[in-house]
Amino acid sequence: VQLQAFGGGLVQPGGSLRLSCAASGSIFRINVMGWYRLAPGKQRELVAAATSGGSTNYADSVKGRFTISRDNAKNTVYLQMNSLKPEDTAVYYCRLSIGVREYWGQGTQVTVSS
């Protein structure tokens, strides 16, 4: 299983970015896909996750600003990030979990700065 993430970049505060992550390989249909982020000097944290059944959860810091969605037919997860803040600056990683197994994509840098 491989995950490939796209969509990071530099954006001004208040701007928007959309991340996407496509999984390929042998993927059981029941799974969880999500986004984590790692900022300098901080621990990695869950940003948002979505199950193949449609349930979602978000970090409190991004609720109301970020939206996670999935295209199960394409094994792809998206993260729409609006009203970005400088504190959202981090490397964002996508994760796929299937039972006890987990797979990670390469990180994509998101920088929010004026």
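The values are calculated or read from the model by the stated rules, or taken from the named source; none is laboratory data. Keep in mind that what you see is a predicted model, and the values were worked out from it rather than measured. For neighbour counting, all protein chains shown are included, and Cβ atoms are generated from backbone atoms with ideal geometry for every residue, glycine included. Just so you know, the surface numbers come from the protein's heavy atoms only, side chains and all, with ligands and any DNA or RNA stripped out. Shrake-Rupley method; radii C 1.70, N 1.55, O 1.52, S 1.80 Å.
A few points about this structure:
- So Phe66, is it aromatic (Phe, Trp, Tyr), at pLDDT below 95 and out of contact with any His (no Cβ under 7 Å at 6 or more places or on another chain): no
- If you go through region 95-114 and keep only what is in a strand (DSSP E or B) and either under 17 Å from Thr51 (Cα atoms) or among the aliphatic types (A, V, I, L, M) (or both), you end up with Arg95, Leu96, Ser97, Ile98, Arg101, Glu102, Tyr103, Trp104, Val110, Val112.
- Qualifying residues in region 64-114 (those that are basic (Lys, Arg) and open to solvent by 40 Å² or more (accessible area, probe 1.4 Å)) - the one farthest from Gly8 (Cα to Cα): Arg101
- Top-ranked residue in region 4-23 [being among the small types (Gly, Ala, Ser) and under 16 Å from the mean Cα position of the chain (by Cα); ranked as most open to solvent (accessible area, probe 1.4 Å)]: Ser16
- Selection from region 25-58 of residues that are hydroxyl-bearing (Ser, Thr, Tyr), open to solvent by 50 Å² or more (accessible area, probe 1.4 Å) and over 20 Å from Val91 (Cα atoms): Ser26, Ser55, Thr56
- Within region 15-49, the set of residues being without any contact (Cβ under 8 Å) to a residue 60 or more places away in the chain and more than 14 Å from Leu79 (Cβ to Cβ) comprises Ser24, Gly25, Ser26, Arg29, Ala39, Pro40, Gly41, Lys42, Gln43, Arg44.
- Residue count for region 73-114, restricted to those that are closer than 19 Å to Ser16 by Cβ and not aliphatic (A, V, I, L, M): 17
- Residue check for Leu38: of a type outside the set (Phe, Trp, Tyr), more than 19 Å from Leu17 (Cα to Cα) and within 15 Å of the chain's Cα centre (by Cα): no
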